[in-house]
Amino acid sequence: PKDFKLHRQMDKIFKARRAMAEEGEGIDWGTAEAMAFGSLLLEGNHVRITGQDVQRGTFSHRHAVVKDQSTEMEYAPLNSLATKMDPSAPHEELARPDTQAGFVCRNSILSEFAVLGFEHGYSLENPNALVLWEAQFGDFVNGAQIMIDQFITSGEDKWMRQSGLVMLLPHGYDGQGAEHSSCRVERFLQSVDEDPHFVP
């Protein structure tokens with residue numbers, strides 16, 4: 001927005017992202033993610049992501065929401081891709097170049113069980129939306145394990161309801177200290193389909 005006082009580090013990051021997009025080379029995770037989200041929004045698909053530090057990103061890679069350094073006003077660039085926002089999305093196909101669906105990026109309290117449970121329910125009621133939950137570090141998923149075992153990995157078998165919920169679980173970062181290096185991938189592998197020859 002006009003007169004928005006962006007932090008100088010954010011200005012540097014956004015300029016680098018623009019260069020990556022224009023040149024098509026060296027695209028990093030945060031830029032690729034923003035491009036993917038943006039394409040979905042312009043197609044009329046609602047995108048929402050929650051977790052303890054999702055606005056900035058666990059590894060300072062996302063910066064989906066920035067703050068004015070003078071007023072602390074928040075701004076989400078992905079909500080400014082088109083001139084209009086359609087509140088009915090994702091219930092209708094937009095197919096209009098001047099309109100987009102809404103992007104929601106909310107930092108949450110450190111209550112993985114509650115937040116993941118809400119997002120799972122949201123994904124069931126809005127199957128055309130991209131709903132993501134990001135653990136601050138992969139190990140933090142242990143606070144939501146009951147939700148995963150009782151609802152997410154077994155919900156389709158129990159209630160014939162599919163969920164498109166995406167769980168982002170950063171892991172494999174040894175040296176970060178206890179509870180920061182593994183999301184216990186083996187637990188998820190144990191929960192996949194009973195067919196040993198098929199891993200979804």
Discussion item. Any residue in region 185-200 that is within 17 Å of ALA144 (Cβ to Cβ) sitting within a Cβ distance under 9 Å of a residue that is loosely packed, with under 10 Cβ neighbours inside 10 Å and at pLDDT 80 or above? List the pairs, counting only those 6 or more apart or interchain.
Written reply: none
Worksheet item: Which ones in region 56-113 are at pLDDT below 90 and acidic (Asp, Glu)?
Response: ASP86, GLU92, GLU93, ASP98
Worksheet item: Restricting attention to region 119-139, which residues are of a type outside the set (Gly, Ala, Ser) and either within 19 Å of ARG62 (Cα to Cα) or free of Cβ contacts under 8 Å to residues at least 40 places away in the same chain (or both)?
Response: LEU124, GLU125, PRO127, LEU130, VAL131, LEU132, TRP133, GLU134, GLN136, PHE137
Worksheet item: What pairs can you find where one residue is in region 1-15 and farther than 14 Å from ALA76 by Cα, the other is at pLDDT below 90 and not in a helix (DSSP H, G or I), and their Cβ atoms are less than 9 Å apart, with a gap of 6+ or different chains?
Response: ILE13/SER60
Worksheet item: If you go through region 23-44 one residue at a time, how many are surrounded by fewer than 17 Cβ atoms within 10 Å (Cβ to Cβ), under 20 Å from ALA82 (Cβ atoms) and charged (D, E, K, R)?
Response: 1
Item to complete: Would you check if ALA101 is crowded, with 16+ Cβ neighbours inside 10 Å, more than 22 Å from HIS171 (Cβ to Cβ) and aliphatic (A, V, I, L, M)?
Response: yes
Worksheet item: Filter region 131-157 for residues that are touching a His at 6+ places or on another chain (Cβ under 7 Å) and not in a loop (DSSP other than H, G, I, E, B); which is surrounded by the fewest Cβ atoms within 10 Å (Cβ to Cβ)?
Response: PHE151
Item to complete: Please find, within region 185-200, the residue that is farthest from GLU156 (Cα to Cα) out of those that are at pLDDT 75 or above and surrounded by 10 or more Cβ atoms within 10 Å (Cβ to Cβ).
Response: VAL185
Worksheet item: In region 163-184, which residue that is in contact with a Gly (Cβ under 8 Å, 6 or more places away or on another chain) and farther than 20 Å from VAL54 by Cβ is modelled with the lowest pLDDT?
Response: SER181
Worksheet item: Just a yes or no: is a residue in region 12-29 assigned to a helix (DSSP H, G or I) and under 18 Å from the mean Cα position of the chain (by Cα)?
Response: yes
Response to the item:
Taking first residues from region 37-60 that are at negative phi and second residues anywhere that are acidic (Asp, Glu) and part of a helix (DSSP H, G or I), the pairs with Cβ under 7 Å that are 6 or more apart or on different chains are THR50/GLU119
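Which residue, of VAL66, VAL54, VAL47, is buried (at least 18 other Cβ atoms within 10 Å of the Cβ) and over 13 Å from the mean Cα position of the chain (by Cα)? First the steps, then the outcome.
Numbers: VAL54 fails: over 13 Å from the mean Cα position of the chain (by Cα); VAL47 fails: over 13 Å from the mean Cα position of the chain (by Cα).
From the options VAL66, VAL54, VAL47, the qualifying one is VAL66.
The values are calculated or read from the model by the stated rules, or taken from the named source; none is laboratory data. Because the structure is predicted, anything quoted here is derived from the model rather than measured. Note that we place each Cβ from the backbone using ideal geometry, even for glycine, and neighbour counts take in every protein chain shown.
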